[in-house]
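One structure is given below, encoded as structure tokens.
Just so it is clear, none of the values below were taken in a lab; they were calculated from the coordinates. Remember, predicted model here, so these are calculated numbers, not experimental data. All Cβ positions, even for glycine, are placed from backbone atoms using ideal geometry, and neighbour counts span all protein chains on display.
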Amino acid sequence: MPTSSFTSASSAVPCPVVESLDAILPEEPLLMMGAGPVPIPAAVAKANAIVINHLGGTMVKVIGQVKSMARYVFQTNSKWVLGVAGPGSAAMEMAISNLAWEGTRVLSIKNGFFSERMAEMGRRVGARVSTLDVADRAVASLEEIAGAIRRERPEIVTVVQGETSNTVWNYHLKEIAALAKAAGALVIVDAVCTLSTMPLEMDAWGIDAVITGGQKGLSSIPGVSLIAFSDAAWERVKGRTAPNAHWCLDASLAENFWHNAGYHYTAPVSGVLALHEALRLVCAETLEKRFTRHLKCSLALQDGVAAMGLRLYTPKACRLNSVVGIEVPEGFSPADVCSHISRMHQVEISGSFGLPIVRIGQMGEQCREHNLFRTVHALGRTMVDLGVKVDLPAGVAALERGLSGGK
Ligand SMILES: *Cc1c(COP(=O)(O)O)cnc(C)c1O
């Protein structure tokens with residue numbers, strides 16, 4: 001007869017002793033001014049605390065509104081907008097794995113770490129991927145891109161709007177899409193860090209798939225992302241014969257939930273509600289005003305950093321405004337700067353995958369004047385503390401001039 005009871009049984013794996021979150025997290029949250037995630041508005045945080053049924057009338061209404069607001073943000077009338085449970089990279093993988101398969105010719109314009117990720121995902125589904133390798137801190141010319149398209153005859157071209165890693169902006173995205181389109185290729189655009197921070201017109205520019213994450217320009221939580229397919233892209237998704245090896249990311253299965261009020265997998269309901277609120281705030285502000293706010297704040301930040309005596313990493317012509325790259329002074333590592341500013345000033349900024357820079361984000365809630373003053377001050381104080389000669393008052397003055405329009 002078994003003698004053990006639940007109370008006397010000792011587990012083979014003992015229960016660990018852990019600290020509570022209150023003990024681990026700082027009393028006051030750090031100001032998130034890195035390359036994402038970014039601070040979230042109160043309405044987003046509130047929505048993120050709610051769990052509702054993932055199926056049924058309320059969810060259907062929420063999903064319908066998320067799609068229609070996303071269409072505005074993507075600037076598309078395409079029906080084929082879907083949410084994705086997962087990071088921006090999951091949306092990226094949904095785009096690649098549904099549109100490319102064994103033998104598909106893919107041309108990836110590679111500006112750095114994130115645009116290379118699309119090439120890697122293409123290779124993993126068996127596509128024949130060629131890359132157009134672009135020098136650091138530069139964009140490919142349209143002649144180079146046209147040449148690569150002539151040479152490779154791609155069925156799909158992948159390109160990033162803002163390469164967050166080295167802070168390069170592919171400013172002629174519209175022309176790149178036109179070149180690809182003219183050659184009969186579908187265009188996939190990674191707009192993870194740029195969507196709702198600067199213009200992107202999916203329909204007018206002829207883009208076939210746009211992906212974005214929640215935790216950057218949209219100022220929602222990480223882990224719920226968005227994707228939009230054009231009609232032409234959706235036709236390719238529906239016309240494929242080889243099944244997608246990714247079950248969760250299969251767009252045809254996701255259609256069940258996102259378009260037919262059915263079940264695919266249990267959606268991250270709280271995150272979808274958070275995204276709904278984030279999108280609602282974008283709509284309330286309007287894209288025009290949001291772009292203006294982002295531009296003004298980012299340029300003022302760049303002026304402030306430069307006036308302090310630090311150097312911006314990327315030349316002005318192709319400088320990304322959504323994430324600003326700053327050279328780390330000789331003798332210091334990005335980690336020295338990031339850990340000091342976090343520990344001493346409670347401001348989080350980012351390093352960048354081995355590049356000698358730190359990065360300050362200008363996405364969504366990061367583009368607020370009070371956040372900028374605190375960040376520029378904290379960066380300047382950090383330099384002073386580390387023994388780097390900077391002119392902090394000049395930096396703060398330049399920031400103020402930029403934000404007040406020089407008045
Ligand atoms: C952040 C980012 C990604 C990756 O997003 P995750 O949510 O980390 O997967 C991809 N592309 C760009 C341009 C990004 O900025």
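Across the cross-link table entries Lys79/Lys238; Lys61/Lys289; Lys296/Lys316; Lys110/Lys289; Lys67/Lys181, which are compared at the Cα atoms, the separations over 21 Å belong to Lys61/Lys289; Lys110/Lys289; Lys67/Lys181. Taking the chain as a Gaussian network of alpha-carbon nodes connected by springs under 10 Å, the highest mean-square fluctuation of the residues His246, His54, His276 belongs to His246. Orientation-averaged projection of the range 297-359 equals 4.5 nm² [convex hull of Cα atoms, one quarter of hull surface area]. Sorted ascending by nearby beta carbons within 10 Å, beginning with the fewest, Cys193, Cys15, Cys248 become Cys15, Cys248, Cys193. The antiparallel fraction among DSSP beta bridges confined to the range 42-285 stands at about 40%.
Using only alpha carbons, build the gyration tensor for the range 42-285 and give me the equivalent ellipsoid semi-axes, biggest first, whole Å.
29, 20, 15
One quarter of the surface of the convex hull around the alpha-carbon atoms of the chain equals 25.2 nm², the direction-averaged projected area. Residues whose amide H falls under 5 Å from that of Val168, counting only those 5 or more places apart or on a different chain, are Glu163, Leu320, with hydrogens built in the peptide plane.
Using the Kirkwood formula over every pair of different C-alpha atoms, what hydrodynamic radius in Å results for the range 149-305? Kirkwood hydrodynamic radius for the range 149-305: 17.4 Å. GNM remark for the chain: springs join alpha carbons under 10 Å apart, and the peak mean-square fluctuation among Ile211, Ile63, Ile96 falls on Ile63. Per residue, the chain reaches -13500 deg cm²/dmol at 222 nm when only DSSP H runs of four or more residues are counted, each adding -39500 (n - 2.57). By the Cβ rule of 4.7 Å, the chain holds the following cysteines without a possible disulfide partner: Cys15, Cys193, Cys248, Cys283, Cys318, Cys338. Using a ≥ b ≥ c from the Cα gyration tensor of the range 87-127 (square roots of the eigenvalues), is it rounded, prolate or oblate, where a/c under 1.5 gives rounded and otherwise the larger of a/b and b/c decides, a/b for prolate? Note, shape of the range 87-127 comes out oblate. When His340, His259 are arranged by Cβ crowding within 10 Å, least crowded first, meaning fewest neighbours, the order is His259, His340. What does the net charge come to around Glu175 if you take all other residues with beta carbon closer than 15 Å to its beta carbon, with K and R at +1 and D and E at -1? So the environment of Glu175 carries a net charge of -1. Note on the chain: GNM, Cα springs under 10 Å; of Lys67, Lys79, Lys216, the largest mean-square fluctuation is that of Lys79. Along the charge dipole of the chain, pointing to its positive end and built from +1/-1 on Cβ of Lys, Arg, Asp and Glu, which listed residue (Gly36, Ala23, Trp258) has its Cα farthest out? About the Cα centre, the residue reaching furthest to the positive side is Trp258. Taken about its Cα centre, the chain carries a charge dipole of about 720 debye when Lys and Arg each add +1 at the Cβ and Asp and Glu each add -1 at the Cβ.
For the range 1-160, what does the equivalent ellipsoid look like in terms of its semi-axes, each the square root of 5 times an eigenvalue of the Cα gyration tensor, given largest first in whole Å?
43, 24, 21
Taking one quarter of the surface of the C-alpha convex hull of the range 41-117 gives a mean projected area of 7.8 nm². Beta bridges assigned by DSSP with both partners in the chain are antiparallel in approximately 50 percent of cases. Computed on the chain, with alpha-carbon pairs under 8 angstrom and 6+ residues apart, the relative contact order is 22 percent.
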